[in-house]
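S.K.: Sharing a structure here in structure tokens format.
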Amino acid sequence: MKRRTGKADLQQAPVTFAKGVDERFQASTPLRALLNKVFPDHWSFLLGEIALFSFIILLLTGVFLTLFFDPSMTETAYEGAYPALRGTEMSQAYASSLHLSFEVRGGLFMRQMHHWAALLFMASIVVHMLRIFFTGAYRKPRETNWVIGMALFLLGFLAGFTGYSLPDDGLSGTGLRIASAIMLSIPVVGTWVSASIFGGEFPGHLIIGRFYIAHVLLIPGGLLALISVHLGLVFKQKHTQWPGPMRTNTNVVGERMFPRYALKQGGFFMAVFGTVALLAGLFQINPIWLFGPYRAAEVSSASQPDWYVMFMDGLVRLMPNWQIYIGDYSIPPLFWPAVVGLGFFTTAPMAWPWLEARKTGDKRIHNLLERPRDNPERVGIGSMAVTFFLWATISGANDVIADKFHISLNAMTWAGRIGLIVLPALAYFIAVRVCLGLQQHDREVLAHGVETGIIRRLPNGQFMEVHQPLGPVDDHGHPLPIEYGGWVVPKKMNRVGALAPAVKGFFFPVEKPSEAPVSPGMPPISGDTREEITSGRK
Amino acid sequence: MTTLHHDAPDAPEPVDVHDPRLTRLDVVKEGLRRDEIELVTYESQFQGTNSKAEKRVVRNIALLFIIAGLAAFAFLAFYIFWPWRFQLGHTAGDYFTPLLGITLGISLFAVGFAILAWAKKLLPHEVSIQARHDGMPPTDEQKITGQTMIFVGDELNQGVQRRPLLKGAIGFGLAPIGLVAAAPLIGGLIENPHKADQPDLFTTGFSPVKNGGNQVRLTRDDGTPIRPEDVSTGGQMTVYPGVPHGATNEYADSPTLLIHLRSDDAEETRRNADGDRRNRGSMWGDYVAYSKICTHAGCPASLYEQQTNRLLCPCHQSQFQITRNAQPIFGPATRRLPMLPLGVDEEGYFVATSDFKDTVGPDFWERP
């Protein structure tokens with residue numbers, strides 16, 4: 001029989017605990033697989049992480065905001081700390097937003113963090129999707145994640161819109177008014193849709209409460225579910241990687257998830273969090289107290305939505321006033337950019353992976369990314385989409401541009417309309433040419449070597465530049481042809497190790513510099529023969 | 001035990017993990033082997049232990065953590081002691097939010113960089129290669145699972161096929177339950193926009209019907225009525241229906257722009273208005289009133305350009321020509337702004353002789 005000792009064996013305690021856990025949950029094998037999972041590394045793989053981290057910040061700050069916000073449209077006379085609005089009739093929602101901004105310690109900071117994180121969330125989704133698109137990361141087997149990504153953008157768009165409508169200030173009320181007009185423009189059922197969502201005629205008394213529950217429960221729930229599936233698929237399918245030494249379509253080259261990769265993720269999260277904190281502290285965003293409560297009769301120029309809605313606003317501005325009449329009924333022009341346009345631009349790209357696979361007949365699995373230049377047509381089409389999006393976004397602020405640069409507003413509108421058709425085509429052409437040019441330069445360096453900048457004069461007086469071959473040479477000293485590997489071709493001498501490695505240390509070297517690589521044909525000058533460079537004076 | 005040779009990582013063989021001679025790294029490597037991972041490079045970033053460079057990195061990381069702690073303390077101090085209540089004018093309270101942002105930002109950045117430096121500079125440099133398994137030819141598993149699913153389908157299906165009563169009963173039983181789930185959602189939310197005799201869509205606060213049959217006065221946002229001489233020539237004023245809550249969002253479609261035109265403009269406006277069935281006789285003297293709610297997306301078309309008599313909507317830049325029945329002349333709006341028939345009552349205040357004769361606000365499918 002074991003002798004009972006007074007003190008527990010502290011060293012043995014974690015082991016016993018771990019054994020107990022494993023006996024109950026059989027966790028050791030999956031846990032080891034998780035600890036050991038290999039992740040490839042590249043800066044561009046971190047763009048999606050920014051979206052994930054922003055989402056976490058949104059959840060954290062959002063919960064704080066709900067503790068103070070009152071989603072009610074009951075009218076009240078403001079009696080709070082902001083003197084300019086005292087005595088003004090306003091909704092409870094607006095009054096509680098003002099209270100949150102002025103009378104809750106740190107409330108304004110949290111509100112601004114929430115708003116900045118939302119802008120960053122959408123921005124990183126867009127940039128992340130550009131990375132996915134231009135490198136062909138959406139190809140089989142990752143089409144599903146591409147579709148989920150588009151859905152996340154759309155959900156984020158709705159989350160943003162419902163969110164900035166909640167304070168019920170002058171600007172968000174105007175946004176709601178336009179949203180109601182967009183609903184009204186839907187053929188046949190428009191008035192029914194608007195009446196059902198607003199609970200009667202605009203604005204009614206329900207919309208803030210309805211948007212609130214959508215904003216804090218339904219949409220975040222959807223986002224959370226989709227993000228979980230998105231990450232689960234990244235995990236299951238393993239991340240794509242760039243081509244390069246040792247990298248093939250059937251392996252992942254990188255580092256184990258724990259400890260190094262996970263630590264780097266943690267550090268990156270803190271950096272993103274810090275960025276949002278700095279933005280929120282130093283840069284004012286959505287100063288609702290300046291807009292006043294929503295009044296149907298009041299709006300000023302420079303009324304812009306958040307940036308990710310601006311492309312739609314721009315399209316609405318640029319749409320010509322073409323009304324379609326069908327007997328006694330009609331379809332207002334607002335319908336095309338705001339309902340059809342938004343629906344098309346957020347869902348049609350979902351089909352892109354299958355469209356491309358069908359066109360190229362490529363049914364293979366792709367785990368290696370493609371450099372954008374190696375697929376000029378894809379880059380061309382992507383550039384078209386980006387140009388269209390940016391031009392529409394710029395047009396969403398055309399009144400501000402017209403005002404600041406003293407351009408006629410009508411000229412801005414016409415430039416927007418014409419540009420929306422002409423510029424994407426131009427962007428396609430330029431992008432394809434740039435890709436082909438870059439491809440050609442890669443092949444040139446592979447064939448002739450790196451330009452050294454050294455000019456040699458031949459006995460006959462001819463000048464020629466010396467090239468450093470990247471690989472073996474033939475008997476005449478001409479480089480043997482090298483196959484293009486789908487990855488960066490070194491184009492500068494320091495990329496092939498021509499410069500000595502940097503010495504570590506800021507004021508003085510902390511270690512002996514390692515030896516520079518030595519070319520057998522050109523032995524370095526030994527230390528003794530070096531002469532100190534002096535000014536020449538004695 | 002030949003497997004202990006580290007110089008042959010290409011062909012690792014299974015080892016007995018209970019072998020007491022194995023180091024911990026050997027056991028870890030066995031785990032890696034089982035996860036099909038090959039540890040190609042695993043080496044310290046420093047020459048020797050306790051090198052000068054290593055100490056320097058450690059010092060820097062420690063410094064970053066200390067900065068993080070100090071900044072976090074500073075955040076707390078500012079949060080607790082700094083005056084933060086809003087006051088008019090330039091006060092120390094203005095710096096409350098920036099101070100929170102700067103201290104928290106520095107703190108989080110320092111933590112972030114400390115962790116990053118730890119991972120990138122201190123941990124051993126490593127390259128691992130793990131095998132992927134997608135795109136493999138179909139395995140037995142695919143076949144087995146597929147057949148199982150079809151079998152399950154058959155089990156259910158044959159049951160239904162052989163028992164037609166069940167088929168009908170299931171259909172009859174489940175379909176209504178599905179509808180029950182949808183009914184409260186649709187039934188509760190749905191609102192008929194046309195339900196009243198005078199649907200809100202087509203009436204505004206200026207409708208005499210809602211004012212006991214009396215003509216509705218034009219009022220300012222504080223509810224005071226307006227006399228013609230209150231608006232100077234070339235001037236304009238936003239007016240609301242003189243009914244309870246007339247200037248609130250209760251009547252979001254009612255704000256109207258009352259304009260006192262110069263007489264030559266007024267003449268032109270009247271000529272155009274009288275040439276139109278709906279606007280005939282709606283002006284009063286040199287005064288004209290148009291709905292302020294843009295017919296495009298419902299923003300208030302509030303920017304009045306006196307010189308050209310144009311009204312501009314700041315949301316999407318639709319422009320309306322006041323003198324020509326507020327016809328849209330630029331931008332996405334299709335429809336002109338409705339004109340409010342003006343009159344003056346016996347006390348000399350402006351009234352609307354009737355509601356707008358055209359539908360106010362953004363356009364929709366069944367607008368008459």
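S.K.: Using only the Cα atoms of segment B:216-323, build the gyration tensor, take square roots of its eigenvalues as a ≥ b ≥ c, and label the shape rounded, prolate or oblate: rounded if a/c is under 1.5, else prolate if a/b is larger than b/c, else oblate.
M.R.: The shape class here is oblate.
S.K.: Also: For segment A:56-96, what log10 I(q)/I(0) values come out of the Debye formula at q = 0.15, 0.30 1/Å, with one point per alpha carbon and no solvent?
M.R.: The calculated log intensity ratios at q = 0.15, 0.30 Å⁻¹ are -0.44, -0.93.
S.K.: Shifting gears a bit: I want the local charge near B:Arg227. Using Cβ-Cβ distances under 12 Å, sum +1 for each Lys or Arg and -1 for each Asp or Glu among the other residues.
M.R.: Once all neighbours under 12 Å are counted, the net charge is -2.
S.K.: Using a 10 Å cut-off around each Cβ of peptide A:250-262, what is the average number of partner chain Cβ atoms that fall inside?
M.R.: 5
S.K.: With a/c under 1.5 counting as rounded, go ahead and sort chain B into rounded, prolate or oblate using the C-alpha gyration tensor (a ≥ b ≥ c being the square roots of the eigenvalues; past the cut-off, prolate if a/b is larger than b/c, else oblate).
M.R.: On the way: a/c = 3.62, a/b = 1.80, b/c = 2.02.
Oblate.
S.K.: How high is the FRET efficiency from A:Ile407 to A:Leu130, r the C-beta distance, R0 30 Å, rounded to 0.05?
M.R.: Details: r = 29 Å, r/R0 = 0.98.
The value I calculate is 0.55.
S.K.: Once label points are set 7 Å from the Cα along Cα→Cβ at both B:Gln147 and A:Ile421, what is their separation, rounded to one decimal in nm?
M.R.: Between B:Gln147 and A:Ile421, the simple spin-label model gives 6.2 nm.
S.K.: Next question. Kirkwood Rh, segment B:58-191, all Cα pairs: how many Å?
M.R.: 23.4 Å
S.K.: Let me ask something else. How high is the relative contact order of chain A, given as a whole-number percent (alpha carbon pairs under 8 Å, six or more residues apart)? Kindly include the intermediate steps, with their values, before the conclusion.
M.R.: On the way: 640 pairs, mean separation 82.7, N = 538.
It comes to 15 percent, rounded to a whole number.
S.K.: If you don't mind, another one. Residue by residue through B:52-60, how many Cβ atoms from other chains fall within 10 Å of the Cβ on average?
M.R.: Mean shielding count: 2.
S.K.: From the cross-link list A:Lys238/B:Lys121; A:Lys19/A:Lys236; B:Lys55/B:Lys120; A:Lys37/A:Lys491, which pairs have alpha carbons spaced over 23 Å apart? Write out the running numbers ahead of the final one.
M.R.: Numbers: A:Lys238/B:Lys121 26 Å; A:Lys19/A:Lys236 27 Å; B:Lys55/B:Lys120 15 Å; A:Lys37/A:Lys491 34 Å.
In this structure, A:Lys238/B:Lys121; A:Lys19/A:Lys236; A:Lys37/A:Lys491 lie more than 23 Å apart at Cα.
S.K.: Once you place label points 7 Å from the Cα toward the Cβ at B:Thr91 and A:Trp322, how far apart are they in nm?
M.R.: 5.8 nm
S.K.: Taking a cut-off of 18 Å between Cα atoms, list the lysines near B:Lys210, but don't count ones fewer than 8 places away on the same chain.
M.R.: Candidates past the 8-residue exclusion: B:Lys195, B:Lys357.
S.K.: Run a plain Debye calculation on segment B:83-146 (Cα atoms as equal point scatterers, no solvent) and give log10 I(q)/I(0) at q = 0.20 Å⁻¹, rounded to two decimals, same order as the q list.
M.R.: Computed log10 I(q)/I(0) values: -0.89.
S.K.: Next up: To the nearest 0.05, how large is the calculated FRET efficiency for B:Leu156 and B:Ala182 if R₀ is 30 Å and r is the Cβ-Cβ distance?
M.R.: For R0 = 30 Å, the calculated efficiency reads 0.75.
S.K.: Follow-up. Seen from all sides and averaged, what is the projected area of the convex hull of the Cα atoms in the protein assembly as shown, in nm²?
M.R.: About 63.8 nm², averaged over all directions.
S.K.: When only the heavy atoms of the protein chains count and the probe is 1.4 Å, how do A:Leu206, A:Leu217 rank by accessible area, highest first?
M.R.: Of A:Leu206, A:Leu217, the descending order of accessible area is A:Leu217, A:Leu206.
S.K.: Here's another thing I want to ask about it. Rounded to the nearest 20 debye, what is the charge dipole size of segment A:168-268 about its Cα centre when +1 sits on each Lys and Arg Cβ and -1 on each Asp and Glu Cβ?
M.R.: Computed charge dipole of segment A:168-268: roughly 740 debye.
S.K.: Share of Cα-Cα pairs in segment A:173-228 beyond 17 Å, in percent?
M.R.: Here the tail beyond 17 Å accounts for 46 percent of pairs.
S.K.: Can you compute the charge dipole magnitude of chain B about its Cα centre, using +1 on each Lys and Arg Cβ and -1 on each Asp and Glu Cβ, nothing else charged? Give it in debye, rounded to the nearest 20.
M.R.: 260 debye
S.K.: Further question: For chain B, what does the relative contact order come out to in percent, with C-alpha contacts under 8 Å and a separation of six or more?
M.R.: Once divided by the residue count of chain B, the mean separation gives 11 percent.
S.K.: Related question: Ranked from the most accessible area to the least, with a 1.4 Å probe and all protein chains present, what is the order of A:His448, B:His296, A:His128? Don't skip to the answer; put the middle values down first.
M.R.: Numbers: A:His448 105, B:His296 15, A:His128 40 Å².
Listed by decreasing accessible area, they come as A:His448, A:His128, B:His296.
S.K.: Mind putting a number on the dipole of the protein assembly as shown about its Cα centre? Charges go on the C-beta only, +1 for Lys and Arg and -1 for Asp and Glu, and I need it in Debye to the nearest 20.
M.R.: Its charge dipole is roughly 2400 debye.
S.K.: Taking 0.36 nm per residue of sequence separation and subtracting the Cα-Cα distance, how much length would be gained by fully extending the chain between B:Leu25 and B:Thr233, in nm to one decimal?
M.R.: 65.7 nm
S.K.: Can you give me the orientation-averaged projected area of the convex hull built on the Cα atoms of segment B:259-320, in nm²?
M.R.: It is 4.2 nm².
S.K.: Residues of segment A:25-171: accessible area per residue at 1.4 Å, in Å²? The partial results should precede the final answer.
M.R.: Values: 5250 Å² over 147 residues.
About 36 Å² of surface per residue is accessible.
S.K.: Once the whole set of protein chains is in place, how much accessible area is left on A:Leu130, using a 1.4 Å probe, in Å² to the nearest 10?
M.R.: 60 Å²
S.K.: Could you tell me which of A:Phe405, A:Gly382, A:Leu368 has its Cα farthest along the dipole of segment A:368-410 towards the positive end, charges placed at Cβ (Lys, Arg +1; Asp, Glu -1), taken about the Cα centre?
M.R.: With unit charges placed on the Cβ atoms, the residue in question is A:Leu368.
S.K.: Report the accessible area of B:Lys167, computed with a 1.4 Å probe over the heavy atoms of all protein chains in place, in Å² rounded to the nearest 10.
M.R.: 120 Å²
S.K.: Using only alpha carbon positions, build the gyration tensor of chain A, then give the equivalent ellipsoid semi-axes as the square roots of 5 times its eigenvalues, largest first, whole angstrom.
M.R.: 51, 36, 27
S.K.: Quote the accessible area belonging to A:Tyr164 in square angstrom, nearest 10, computed with a 1.4 Å probe and with ligands, DNA and RNA left uncounted.
M.R.: About 30 Å², rounded to the nearest 10.
S.K.: Using only the alpha carbons of segment A:261-328, what is the convex hull's orientation-averaged projected area in square nanometres?
M.R.: 10.0 nm²
S.K.: Probe radius 1.4 Å, ligands and nucleic acids left out: which of B:Arg59, A:Arg86 has the largest accessible area, and how do the rest follow? Don't jump to the answer; show the numbers that get you there.
M.R.: Working: B:Arg59 150, A:Arg86 120 Å².
Output order, biggest surface exposure first: B:Arg59, A:Arg86.
S.K.: Just checking the output field for A:275-282: average partner chain Cβ neighbours within 10 Å of each residue's Cβ?
M.R.: Taking all residues of A:275-282 together, the mean is 6.
S.K.: Output the relative contact order of segment B:195-263, whole-number percent, from Cα pairs under 8 angstrom with separation of 6+ residues.
M.R.: So the answer I get is 31 percent.
S.K.: Taking the highest mean first, how do the peptides A:371-378, A:406-413 order by number of other beta carbon atoms within 10 angstrom per residue?
M.R.: A:371-378, A:406-413
S.K.: When the Debye formula is applied to the Cα atoms of segment A:67-118, each taken as the same point scatterer, what base-10 log of I(q)/I(0) results at q = 0.14, 0.18, 0.29 Å⁻¹?
M.R.: Evaluating at q = 0.14, 0.18, 0.29 Å⁻¹ gives log10 I(q)/I(0) of -0.36, -0.57, -1.09.
S.K.: Compute the normalised compactness of segment A:115-230: alpha-carbon radius of gyration over 2.2 N^0.38 Å, N being the residue count.
M.R.: 1.24
S.K.: Which whole-number percent of Cα pairs in segment A:155-288 have a distance greater than 17 Å?
M.R.: 75 percent
S.K.: Also: How high is the FRET efficiency between A:Asn460 and A:Met493 when r is their beta carbon distance and R₀ equals 22 Å, given to the nearest 0.05? The partial results should precede the final answer.
M.R.: Numbers: r = 27 Å, r/R0 = 1.22.
The formula returns an efficiency of 0.25 here.
S.K.: Of A:Ile227, A:Ile178, A:His215, which is farthest towards the positive pole of segment A:159-262's charge dipole, taken about the Cα centre with +1 and -1 on the beta-carbons of Lys, Arg and Asp, Glu respectively?
M.R.: A:Ile227
The values are calculated or read from the model by the stated rules, or taken from the named source; none is laboratory data. Keep in mind that what you see is a predicted model, and the values were worked out from it rather than measured. Cβ sites come from the backbone with ideal geometry, for glycine too, and all protein chains shown count toward neighbours. Note: accessible area is taken over every heavy atom of the protein model, side chains too, but ligands, DNA and RNA are not part of it. Shrake-Rupley method; radii C 1.70, N 1.55, O 1.52, S 1.80 Å.
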